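Everything below concerns the one structure shown next.
Quick note: the coordinates plus some simple rules give every number you see, no bench work behind them. The shown structure was predicted, so the numbers you read here are calculated from the model rather than taken from an experiment. Cβ atoms come from the backbone with ideal geometry, glycine included; neighbour counts cover every protein chain shown.
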Amino acid sequence: MERILKSLSRVTESVAALMMAAMFATFILQIAVRYVVGSEWFAARLGHVIDASPFGWTLEFCLVLWLWIVFWGNAFIVRDRDHVTFDIIYFWVRPGIRKWFAILGAAAIAAALLLSIGPSYEKMRILRIKSSATLPVKMLPIYSVYFLFLAVVGLRYLFRAADVWRNGLPEEPHHHLDVTDE
């Protein structure tokens, strides 16, 4: 099972890397068209100015890729240990209470994310008929990654709550700062 999860992790990281590469290539194309091909120097040698307006899609494509990278990455790549946490009270209490903090916190996050899928879809349902300004796609598929994010992260926290319930807290890393004078 661990081998399958590692393979899936590599696939999701590769998809994110491909999206970043596509965004970078589109950004470079955008710069080249705007500042090189559309420049007066280039126009003087070519004899006329090249219209850069057919490349207006590059800005929107970069924005869509950025949206997908953020939600895809947070759904599949970013882990709990990567988040900034305010755990002063958590580490101040006994391990038994810590277990309940972990269960209740994970359950609350799971409930909030999973229960927000329906209302979010109802608000965004109008996007089924709206089209992108420059891309040949409707808006709902563009924003569908948000629903994937809500479902995946919600299920991860649901599984975390169940795992802590069954197996207790995992071994905590010792990452506290020692502020005592020497």
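By counting other Cβ atoms within 10 Å of each Cβ, how are Met124, Met1 ranked from fewest to most?
Exposure proxy ranking, most exposed first: Met1, Met124.
From the backbone phi of segment 146-162, what are the Karplus-calculated ³J(HN,Hα) couplings (6.51 cos²θ - 1.76 cosθ + 1.60, θ = phi - 60°) in whole Hz, Gly and Pro given as x?
Working through the residues one at a time gives 5, 5, 4, 4, 4, 5, 5, 5, x, 5, 4, 6, 5, 5, 5, 4, 5 Hz.
Could you list the square roots of 5 times each eigenvalue of the Cα gyration tensor of segment 60-104, that is, the equivalent ellipsoid semi-axes, sorted largest first and rounded to whole Å?
35, 10, 7
Taking R0 as 25 Å, what's the FRET efficiency between Ser120 and Ile77 from their Cβ-Cβ distance, rounded to 0.05?
0.70
Between Glu13 and Asp87, what length comes free when the chain is fully extended (0.36 nm per residue of separation minus the Cα-Cα distance, one decimal in nm)?
23.8 nm
Given the -39500 (n - 2.57) contribution per DSSP H run of 4+ residues, what per-residue ellipticity at 222 nm results for the chain, rounded to the nearest 500 deg cm²/dmol? Don't skip to the answer; put the middle values down first.
Values: 7 runs with 120 residues, N = 182.
Calculated from helices alone, the mean residue ellipticity at 222 nm is -22000 deg cm²/dmol.
Taking θ = phi - 60°, what integer Hz values does the Karplus form 6.51 cos²θ - 1.76 cosθ + 1.60 yield along segment 23-34, in sequence order, with x for Gly and Pro?
So the Karplus estimates, Gly and Pro as x, are 5, 5, 5, 5, 5, 5, 4, 4, 5, 4, 5, 6 Hz.
Report the FRET efficiency, 1/(1 + (r/R0)^6), for Lys6 and Leu140, where r is their Cβ-Cβ distance and R0 is 41 Å, rounded to 0.05. Display every interim value, and only then the final one.
Details: r = 33 Å, r/R0 = 0.80.
E between Lys6 and Leu140, to the nearest 0.05, is 0.80.
Given labels modelled 7 Å from the Cα in the Cβ direction, how far is it in nm from Leu155 to Arg128?
Here the modelled spin labels are 2.3 nm apart.
Round to the nearest 0.05 the FRET efficiency obtained for Arg94 and Phe24 when R0 = 41 Å and r is the Cβ-Cβ distance. Each step should come with its number before you reach the end.
Working: r = 49 Å, r/R0 = 1.20.
Efficiency computed from Cβ-Cβ geometry: 0.25.
If you average 1/r across every pair of different Cα atoms in segment 84-182 and take the reciprocal, what Kirkwood value do you get, in Å?
Evaluated over segment 84-182, this radius sits at 16.6 Å.
Which entry in [x] 1.10; [y] 1.14; [z] 1.21 is this structure's computed Rg/Rh (Cα atoms, Kirkwood Rh)?
Label [y] holds the value from this structure.
So between Glu60 and Leu148, what do we pick up on full extension, going 0.36 nm a residue minus the alpha carbon distance?
That works out to 29.6 nm of additional length.
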